[in-house]
Amino acid sequence: MRAVTFQGPGEVRIEERPAPELLAPDDAVVRIDATGVCGSDLHIYHGRLKIEPGFTIGHEYVGTVLETGDAVTRVQVGDRVAGCFQTACGICFHCMRGEYHRCVESRTFGLGATMGSLQGAQAELALVPHANLVLRRVPDGVSDDVALFAGDVLGTGYHGVAASELVAGEVAAVLGLGPVGLCAVQAAVLAGARVLAIDSVEQRLAVAESFGATPLHLTEDDVAAEVRRLTDGRGGVDVSIDAVGHPEVLDMAIRLTRACGRVQCLGIYAERGEIHLGLAWLKSLTVRGGQANVIAHVDPVLDMLAAGQLDPSPLVTHHMALDDAPQAYELFDRREALKIVLTP
């Protein structure tokens, strides 16, 4: 089968790889019908997340079940499914508490040996362990483009809102309007919050505004002054969501959040960074981060997609063939595409 493999910083390649085979009773083999290029894939592409050369990358996928082990009961051969970006066993201490993202056996698709050596989904076929938890049937009427978001990008944006305990009537700032940030904007608006969307790319600010947010340009606006003006004397937003994963962004989130407010980190932090921890302490902030608990959220997210309450389809700007993945990565790296869907 054909697969997108990482070769080294700035280089991915289409290579032939052996077709996956069932290894455990709760495994499934899925034919990939659509797969996405994610911002975290760029961390691999740039060498920020270390994986071994030749590893198949990608973790966003919608497909059709081709084969299942005897213990798979939630999906069956022929089902159209969306998959979560990581796996969970369902029976360990954390899984029994609903903390699937901290499962002791968790593996992430396409992130190499440090994340479980699970080959990625930018390929014609994928092996899906623990399929009863990881896969969900796609509701009728939900397109591949839309369903593709449930198992990672929209699930992550939704997690940012849920984990921050954002409620109707509060004010939230979303810093960074890539696909995850824009999904967080949609979820926050749906929660009834007033949303301030911060970025420096006009196209992304326009999309956020179309979702119901107030756009703030990172360099052309005085963001701090605007936040003070728009938060009714609170001195900052109730919740800041860092959808970038950079210390400077996290530091800004701390500064924009009111005393006793909450900061939620959705972006990936793979190394040390410096923030004003003293300011976070002085303001009595709650700061949370970590991988999104997408498995816990995927069912309500799919329900909201089916009902039309959430709609990430405006984020898809490019459709390309799997064979064109090297060009897709170059395009995405230049920030000339918001979301690219690859079709094998």
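The values are calculated or read from the model by the stated rules, or taken from the named source; none is laboratory data. Bear in mind that the values here come from a model prediction, so they are computed numbers and not experimental data. For neighbour counting, all protein chains shown are included, and Cβ atoms are generated from backbone atoms with ideal geometry for every residue, glycine included. The protein model used for the area step is the full one, side chains on, heavy atoms only, and it has no ligands, DNA or RNA in it. Shrake-Rupley method; radii C 1.70, N 1.55, O 1.52, S 1.80 Å.
Odds and ends about this structure:
- Expected-Rg normalisation [2.2 N^0.38 Å, Cα atoms] applied to the stretch 175-250: 1.01
- Efficiency of FRET from Cβ geometry, residue 222 and residue 73, R₀ 45 Å, rounded to 0.05: 0.20
- For the chain, the share of DSSP beta bridges that are antiparallel, to the nearest 5, is 55%.
- For the stretch 159-312, diffusion coefficient by Stokes-Einstein and Kirkwood Rh (Cα), 10 °C, 1.306 mPa s, µm²/s: 103
- Semi-axes of the equivalent ellipsoid for the stretch 265-344, computed as √(5λ) from the eigenvalues of its C-alpha gyration tensor and ordered from largest down, come to 32, 22, 12 Å.
- Structural descriptor for the stretch 250-325: relative contact order 29 percent, calculated from alpha carbon pairs under 8 angstrom and at least 6 residues apart.
- Charge tally in the Cβ shell below 9 Å around residue 72, where Lys, Arg are +1 and Asp, Glu are -1, residue 72 excluded: -2
- Cleavage-rule hits, trypsin sites (Lys or Arg not before Pro), the stretch 12-67, DSSP coil, Cβ neighbours within 10 Å at most 14: 48, 50
- Note: relative contact order over the chain, using C-alpha pairs below 8 Å and six or more positions apart, is 18 percent.
- Acute angle (nearest 10 degrees) that the helix 247-256 long axis makes with the longest principal axis of the chain, alpha-carbon atoms: 40
- Options 279, 219, 305, ranked by Cα towards positive dipole end of the chain, top entry (Cβ charges): 279
- Normalised contact order of the stretch 100-194, rounded percent, pairs of Cα under 8 Å and 6 or more residues apart: 18
- Contour minus Cα-Cα distance for residue 260 and residue 102 (0.36 nm per residue): 54.2 nm
- Segment residue 200..residue 276, full-extension length gain: 25.1 nm, with 0.36 nm per residue of separation and the alpha-carbon distance subtracted.
- Under DSSP loop assignment and at most 12 Cβ neighbours within 10 Å, longest GluC sites (Glu not before Pro)-free interval of the chain: 22-219
- Estimated FRET transfer efficiency (residue 334, residue 14; beta-carbon r; R0 30 Å; 0.05): 0.90
- Ligands, DNA and RNA left out, the accessible area of the chain computed with a 1.4 Å probe is 51% carbon and sulfur.
- For the stretch 266-344, trypsin sites (Lys or Arg not before Pro) are listed when DSSP marks them as loop and at most 15 other Cβ atoms sit within 10 Å of their Cβ; the list is 272, 334, 335.
- A Cβ-based charge dipole, computed about the Cα centre of the chain with Lys and Arg at +1 and Asp and Glu at -1, lands at about 940 debye.
- Over the stretch 37-178, the ratio between the Cα radius of gyration and 2.2 N^0.38 Å evaluates to 1.11.
- Charging the Cβ of each Asp and Glu at -1 and of each Lys and Arg at +1, and nothing else, the dipole of the stretch 287-339 about its Cα centre rounds to 260 debye.
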